[in-house]
Amino acid sequence: MRQTRLIMLAKNISEDISPPPKIAAIIPTRDRKDKLFRFLDQFSQQTYSNLQIIIVDSNSTDGTREDIADRFPQVKLICVSDREYWAGATNTGIKAALEDECEYILTINDDSVVKLNHVERMLEIAQKYQVLILGNCINYLSNPELIWSIGTSNHWGTADFLSLNYHNVELSHLPNSIKKSELIQVDALAGNGVLIHRQVFEAIGLYNDAFLPHYHADSEMTIRANSKGIKVFAIPSIILLNDFHIDQKQLNLRQSRGLIYALFHKKSHLFMLPLIYIFVMYCPNPKKLSTFWTLIKRFISKVKN
């Protein structure tokens, strides 16, 4: 009996001192050394102890690869070709993290700014509610009180089937129900600041870099997870500041060159292939016609204006 109690005591002590889950932060980058190094200066000081930072560089020409080892020797650098866009580069990092037995993956962009306890707080909420996919609130770095999104909603039957929740709403103007919520369920998430348990990738696969090489791969993966019964959540109170400016998405659709880029370039947010893929795969059949028609009208309006 005494030996049994000793064994149980030793087991409890072992569980108490076991290391926290290993988290890998995956950061794809290309030719943004200034923003990347600003991010790493701050992110490398995260309070969470068991954090691996993986930079996936798509053949930068600005000295990123040459300088990162000197300034951030603790960071793991993976080099890929410049044909790898967000989804492909992120997948490369995820594969390395899964092989390294990381329990969680955090996808985050190189132009982000977060608090030093950001990862620690994300994991705390994820474990508290046993959530497998958890995103943060994304605000503008240029205006930290202005929300870019708290997850995404799919309004099928309209042109806003990838609608950013609370887009351009001041934090102070959020509904009280949202302010008081520790987390809210959403239809999808942008990939900037998303904590994902490895079980998700093992169950539904990685980002679809074949059909969604850059934009919307993050949304598709979380929509896919939702369709498989894996619920997706966001935390309104944990804020990531994104160095985003509206002119980054400005396209001249009235000139043929701009129109061709918008519809057919892999780095365009209007690239037809990802949008068609999401529409075909996930739009409910009764809503397909109305969704398609409103999309056509929205696009024509943008071209005219």
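Each reported figure results from applying straightforward, stated rules to the coordinates on display, with no laboratory input. Keep in mind that what you see is a predicted model, and the values were worked out from it rather than measured. Positions of Cβ are generated from backbone atoms using ideal geometry, with glycine treated the same way; all protein chains shown enter the neighbour counts.
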How large is the dipole of the chain about the Cα centre if only Lys and Arg carry +1 and Asp and Glu carry -1, each at its Cβ, rounded to the nearest 20 debye?
-> 1020 debye
About the Cα centre of segment 65-114, how large is the charge dipole given +1 on each Lys and Arg Cβ and -1 on each Asp and Glu Cβ? Please answer in debye to the nearest 20.
-> 80 debye
What FRET efficiency, computed as 1/(1 + (r/R0)^6) with R0 = 30 Å and r the Cβ-Cβ distance, is obtained for THR61 and ALA210, rounded to the nearest 0.05?
-> 0.70
Report, to the nearest 10°, how far helix 33-43 tilts away from the longest principal axis of the Cα atoms in the chain, using its own Cα long axis and a range of 0 to 90°.
-> 40 degrees
Percent RCO, i.e. relative contact order, over segment 14-247, from Cα pairs under 8 Å lying at least 6 residues apart | 23 percent
For ILE196, ILE223, what's the fewest-to-most ordering of other Cβ within 10 Å of each Cβ?
-> ILE223, ILE196
With R₀ set to 51 angstrom, the calculated FRET efficiency between the beta-carbons of LYS128 and LEU289, to the nearest 0.05, is 0.75
If one compares the long axis through the Cα atoms of helix 217-227 with the longest principal axis of the Cα atoms of the chain, the angle in degrees, nearest 10, works out at 70 degrees
Could you tell me what percent of the DSSP beta bridges with both partners in segment 14-247 are antiparallel, to the nearest 5?
-> 45 percent
With runs of 4+ DSSP H residues as the only contributors, calculate the mean residue ellipticity of the chain at 222 nm using -39,500 (n - 2.57) per run, divided by the residue total and rounded to the nearest 500.
-> -12000 deg cm²/dmol
Would you mind estimating how fast the chain diffuses translationally, via Stokes-Einstein at 10 °C and 1.306 mPa s with the Kirkwood radius over Cα pairs, in µm²/s?
-> 77 µm²/s
For GLU202 and ARG71, calculate 0.36 nm times their separation in residues minus their Cα-Cα distance, and state this gained length in nm to one decimal.
-> 43.8 nm
Give the shape of segment 30-116 as rounded, prolate or oblate, defined through the alpha-carbon gyration tensor: a ≥ b ≥ c are the square roots of its eigenvalues, a/c under 1.5 means rounded, and otherwise the shape is prolate if a/b is larger than b/c and oblate if not.
-> oblate
In this structure, the FRET efficiency calculated for ASP100 and SER256 from their beta-carbon separation, with R0 = 41 Å, to the nearest 0.05, is 0.30
Highest mean first, what order results for 274-280, 17-23 on Cβ atoms within 10 Å?
-> 274-280, 17-23
